[in-house]
1. Looking only at residues in the stretch 47-86 that are surrounded by fewer than 21 Cβ atoms within 10 Å (Cβ to Cβ) and of a type in the set (A, V, I, L, M), which one is nearest to the chain's Cα centre (by Cα)?
2. Which one of these is closer than 21 Å to I69 by Cβ, among the small types (G, A, S) and in contact with a Leu (Cβ under 6 Å, 6 or more places away or on another chain): G127, G135, G123?
3. Among the residues that make up the stretch 86-97, is at least one of them at pLDDT 95 or above, over 19 Å from S52 (Cα atoms) and either touching a Leu at 6+ places or on another chain (Cβ under 9 Å) or of a type in the set (V, I, T) (or both)?
4. For the stretch 138-194, give me every one of the strands (runs of 3 or more DSSP E) that falls completely inside it and has 3 or more residues that are assigned by TED's automatic domain parsing to the domain that holds V79.
5. Restricting attention to the stretch 20-55, which residues are in a loop (DSSP other than H, G, I, E, B) and either among the aliphatic types (A, V, I, L, M) or modelled with pLDDT under 95 (or both)?
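The values are calculated or read from the model by the stated rules, or taken from the named source; none is laboratory data. All figures in this text were calculated on a predicted structure; none of them were measured in a lab. Because the Cβ atoms are built from the backbone with ideal geometry, glycine has one as well, and the counts that use them run over all protein chains shown.
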Amino acid sequence: MSETNTYFSHETAVIDPGCEIGPGTKIWHFTHVMPNCSIGHNCNIGQNVVVSPQVTLGNNVKVQNNVSIYTGVHCEDDVFLGPSMVFTNVINPRSAIQRKDAFQETIVRKGASIGANATIVCGNTIGTYAMVGAGTVVTKDVLPYALVVGNPARQIGWVSEYGHRLDFSANNEAICPESGMKYLLKNNILLKNS
């Protein structure tokens, strides 16, 4: 095990030159962090993870085991990537045809969670605090606070910043059972209601 002044990496992890890794981050067994990527502070990168060039991970991002984060993916702060979930970066990949100039950007906004074995098709944005259920296949943008499941993903509800499914009153208000935070659903947009 090796520990720099700012981050920890397991002895089996490979950290290529040219990476930026923030203080308090932990990188575990058999993980490969490739050149020119940026990982924020207090992240936890599980075992057997690949972080490709030009990927950006914000602060406090949790990446579970067996996740490949390909070039074109950008995760903001407090994102959770579940075990074995999958990103893509080319819509029509072919082994014999180079399409590195066709990488599409995928953005995972602050606080969003992506469940185990989910697939995120490239070119889409996962909204702030959205929740993507395990095994879901995301083929289009996901709204902030939306709860999506299935193949293809379909929205079945809304979640709070604490990840609880929200139940709405007749006047479209809901309260998170854990935080007590109030929300208002207006024109298919979930707003924090003070």
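1. That would be V86.
2. G127
3. No: zero hits.
4. So the answer is 146-149, 154-158.
5. Scanning the stretch 20-55 gives M34, V49, V55.
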